[in-house]
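Data block below; observations after.
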Amino acid sequence: MKEKDAEKALPVHVGLIMDGNGRWAKRRGLPRSFGHKKGADTFTKAVEWFGNRGVKYLTVYAFSTENWKRPKEEIDGIMNLLDEYLDKADNNVEKNIKTVFIGDRERLDKNLQNKMRHLEEETSGCTGITAILAINYGGRDEIVRAVREIAKEAKYGKVNEITEEYIGNKLYTAGIPDPDVIARPSGEQRLSNFLLWQSAYSEFIFMDTLWPDFSEKDVDYILDEYAKRNRRFGAL
Ligand code: FPP
């Protein structure tokens with residue numbers, strides 16, 4: 001390794017908004033479901049690409065609290081892909097990928113919920129990259145839930161002082177460091193309710209690649225671009 005590479009700042013936690021599946025399919029005259037299928041395959045590969053480069057946490061936005069507004073057929077298709085992923089993901093243990101889910105699981109199929117819990121338990125001792133899948137996740141919803149829980153605790157006199165740390169520990173991501181960088185392929189430049197609290201000091205990288213076409217070159221682009229940023233966290 002060259003000395004310069006050794007000094008390169010590497011993000012500990014990368015957030016990814018997997019956008020552009022529909023447009024990828026449309027450009028090929030295919031149904032949107034093909035884009036999601038290719039997108040799910042890309043996700044599996046991306047976890048390994050980031051893991052191989054030493055990134056410790058990768059959070060992906062797989063299904064938002066707003067995605068229920070899509071046609072039932074499309075929602076069922078995405079849930080099926082998730083189910084297929086869970087059926088194959090036992091090999092995450094061999095790959096040393098700790099796998100975690102964030103979001104409100106209650107609205108998901110019970111069978112899916114069981115498989116999610118099973119995979120979390122199976123991979124809990126893995127020490128490689130942690131893959132965090134945001135499913136039925138919304139940043140505002142996450143904050144509302146935390147506020148409700150704290151209000152309940154306060155009612156019973158269980159809260160001394162409400163601090164940033166206290167709130168952070170009530171979020172789905174409790175114990176996980178904030179994302180250093182959030183990347184969004186597909187040319188859209190917005191956060192879409194992803195990791196609102198956690199992204200306070202994240203670097204943002206927007207790229208034109210559509211998610212199904214996301215490749216190792218894009219991983220390197222994100223890491224190189226991140227290394228160039230001068231993070232000051234409000235200081236000078
Ligand atoms: C956004 O693209 C993508 C989604 C809303 C779904 C993402 C889901 C996957 C990649 C598959 C999930 C499965 C696993 C196993 C992680 P879009 O449909 O909004 O694209 P568009 O903006 O081009 O229409």
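Flag not set for Leu82, criterion: surrounded by 18 or more Cβ atoms within 10 Å (Cβ to Cβ), free of Cβ contacts under 8 Å to residues at least 40 places away in the same chain and closer than 24 Å to Gln113 by Cβ. Can we say Phe50 is at pLDDT 95 or above, more than 8 Å from the ligand (Cβ to nearest atom), farther than 22 Å from Ile205 by Cβ and outside any loop (DSSP other than H, G, I, E, B)? Against the criterion (at pLDDT 95 or above, more than 8 Å from the ligand (Cβ to nearest atom), farther than 22 Å from Ile205 by Cβ and outside any loop (DSSP other than H, G, I, E, B)), Phe50 does not qualify. What about Ile135, is it buried (at least 19 other Cβ atoms within 10 Å of the Cβ) and within 11 Å of the ligand (Cβ to nearest atom)? It is true that Ile135 is buried (at least 19 other Cβ atoms within 10 Å of the Cβ) and within 11 Å of the ligand (Cβ to nearest atom).
Between Tyr137, Tyr156, the distinction of being over 15 Å from the mean Cα position of the chain (by Cα), at pLDDT 95 or above and hydroxyl-bearing (Ser, Thr, Tyr) belongs to Tyr156 only.
Scanning the stretch 200-236 for residues that are of a type in the set (Asp, Glu) and part of a helix (DSSP H, G or I) yields Asp213, Glu216, Asp218, Asp220, Asp224, Glu225.
Within the stretch 6-30, the residues that satisfy the criterion of being modelled with pLDDT under 95 and either outside any loop (DSSP other than H, G, I, E, B) or under 20 Å from the mean Cα position of the chain (by Cα) (or both) are Ala6, Glu7.
Can you tell me how many residues within the stretch 138-157 are part of a helix (DSSP H, G or I) and surrounded by fewer than 16 Cβ atoms within 10 Å (Cβ to Cβ)? Within the stretch 138-157, residues that are part of a helix (DSSP H, G or I) and surrounded by fewer than 16 Cβ atoms within 10 Å (Cβ to Cβ) number 12. What do you reckon, is Tyr61 touching a strand residue (DSSP E or B) at 6+ places or on another chain (Cβ under 8 Å), of a type outside the set (Val, Ile, Thr) and within 10 Å of the ligand (Cβ to nearest atom)? Yes. Looking across the stretch 91-108 at every residue that is surrounded by 13 or more Cβ atoms within 10 Å (Cβ to Cβ) and either assigned to a loop (DSSP other than H, G, I, E, B) or at pLDDT below 95 (or both), the one that is nearest to the chain's Cα centre (by Cα) is identified as Gly103.
Cβ-Cβ distances below 6 Å connect the following pairs, each with a first residue in the stretch 209-221 that is closer than 9 Å to Gly39 by Cα, a second residue that is part of a loop (DSSP other than H, G, I, E, B) and not small (Gly, Ala, Ser), and a separation of six or more residues or different chains: Trp211/Met18; Trp211/Asp19; Trp211/Pro185; Phe214/Pro185. Can you tell me which residue is farthest from Asp224 (Cα to Cα) among those in the stretch 171-189 that are away from the ligand (no atom under 16 Å from the Cβ) and among the hydrophobic types (A, V, I, L, M, F, W, C)? Filtering first and then ranking leaves Leu171. Each residue in the stretch 162-197 was checked for being at negative phi, assigned to a loop (DSSP other than H, G, I, E, B) and either in contact (Cβ under 8 Å) with a residue 40 or more places away in the chain or among the β-branched types (Val, Ile, Thr) (or both), and 15 pass.
The values are calculated or read from the model by the stated rules, or taken from the named source; none is laboratory data. Just so it is clear, the structure is predicted and the values come from calculations on it, not from any experiment. Positions of Cβ are generated from backbone atoms using ideal geometry, with glycine treated the same way; all protein chains shown enter the neighbour counts.
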